[in-house]
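Remarks on the structure that follows.
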Amino acid sequence: MTTDTPYQLAVVISSVREGRFAPVVANWFLERAKQREDVTLSVIDLAEAPDSLSPGVSAADAVVVIVPEYNHSYPGPLKTALDATGPEWHGKPVAFVSYGGISGGLRAVEHLRPVFAELHAATIRETVSFPYAWNHFGPGGEHDDTEGATVAATTLLNQLAWWANALRDARRVRPYAA
């Protein structure tokens, strides 16, 4: 039942703060994802359309959450948006691109993993993490460690493609039962 049809990837920009850095990180990631032939992209920006999470996730085969770390966790508006959803996450893979201070947003990611488990989503192991991101992106949005960051993004996208296709095929054969 496997197909060569590109999988639908929704990229969620979860920061809604005024002056947020999220678009820089999101654009960097999206440029890498656009280079792949196995993915069709959509963007869900909670700052621009806070009610777009549910329909965007419903249409997706996989999701990447661009998440900052705020006070050792993830943004409150993301939690509110997640709490307003449910079955649209069932049996779908979720990956993370995080940024923040010294931990690069990884504390936010670790807080999100059990939330997604409760939503019956499968989080993948690999992440892309940017410690002190605002110090490492140039005015054109390029990260100063182009090779290392690109390798991390490629690894994440490779794993996500496997999970997206495997779970999409599984949902076609047998709908997910919560």
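Summary of computed values
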{"read-out": "Residue in the stretch 128-144 that is surrounded by 23 or more Cβ atoms within 10 Å (Cβ to Cβ), modelled with pLDDT of 95 or more, closer than 16 Å to ALA22 by Cα and polar (S, T, N, Q) present", "value": "no"}
{"read-out": "Any hit, the stretch 167-176, residues being part of a helix (DSSP H, G or I) and loosely packed, with under 13 Cβ neighbours inside 10 Å", "value": "yes"}
{"read-out": "Residue within the stretch 46-61 that is of a type in the set (D, E, K, R) and closer than 13 Å to ALA164 by Cβ present", "value": "yes"}
{"read-out": "Count of the stretch 108-120 residues which are surrounded by 24 or more Cβ atoms within 10 Å (Cβ to Cβ) and touching a helix residue (DSSP H, G or I) at 6+ places or on another chain (Cβ under 6 Å)", "value": "0"}
{"read-out": "Scan of the stretch 98-107 for residues that are in a loop (DSSP other than H, G, I, E, B) and open to solvent by 20 Å² or more (accessible area, probe 1.4 Å), ordered by number", "value": "GLY101, ILE102, SER103"}
{"read-out": "Residue count, the stretch 129-148 (criterion: out of contact with any Gly (no Cβ under 9 Å at 6 or more places or on another chain) and touching a residue at least 24 places away in the same chain (Cβ under 8 Å))", "value": "5"}
{"read-out": "Unmet requirement for GLN8, which otherwise passes all of (1) open to solvent by 50 Å² or more (accessible area, probe 1.4 Å); (2) over 20 Å from ILE124 (Cβ atoms); (3) not in a loop (DSSP other than H, G, I, E, B)", "value": "(2)"}
{"read-out": "Matching option when the condition is under 14 Å from the mean Cα position of the chain (by Cα), assigned to a helix (DSSP H, G or I) and closer than 22 Å to ILE44 by Cα, among ALA95, ALA153, ALA117", "value": "ALA153"}
{"read-out": "Residue ID - farthest from ARG168 (Cα to Cα), chosen from residues in the stretch 39-97 that are among the acidic types (Asp, Glu) and surrounded by fewer than 16 Cβ atoms within 10 Å (Cβ to Cβ)", "value": "GLU48"}
{"read-out": "Contacts under 7 angstrom Cβ, first residue in the stretch 76-87 being among the aliphatic types (A, V, I, L, M), partner open to solvent by less than 20 Å² (accessible area, probe 1.4 Å) and in a helix (DSSP H, G or I), 6 or more apart", "value": "ALA81/LEU53"}
{"read-out": "Looking only at the stretch 25-38, and only at residues there that are charged (D, E, K, R) and open to solvent by 60 Å² or more (accessible area, probe 1.4 Å), the one that is farthest from PHE130 (Cα to Cα)", "value": "GLU37"}
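The values are calculated or read from the model by the stated rules, or taken from the named source; none is laboratory data. Treat the numbers as computed from the prediction; the structure is a model and nothing was measured. Glycine also receives a Cβ, built like all others from the backbone with ideal geometry; neighbour counts cover every protein chain displayed. For the accessible areas, the whole protein counts, side chains as well, though only heavy atoms, and no ligand, DNA or RNA atoms are used. Shrake-Rupley method; radii C 1.70, N 1.55, O 1.52, S 1.80 Å.
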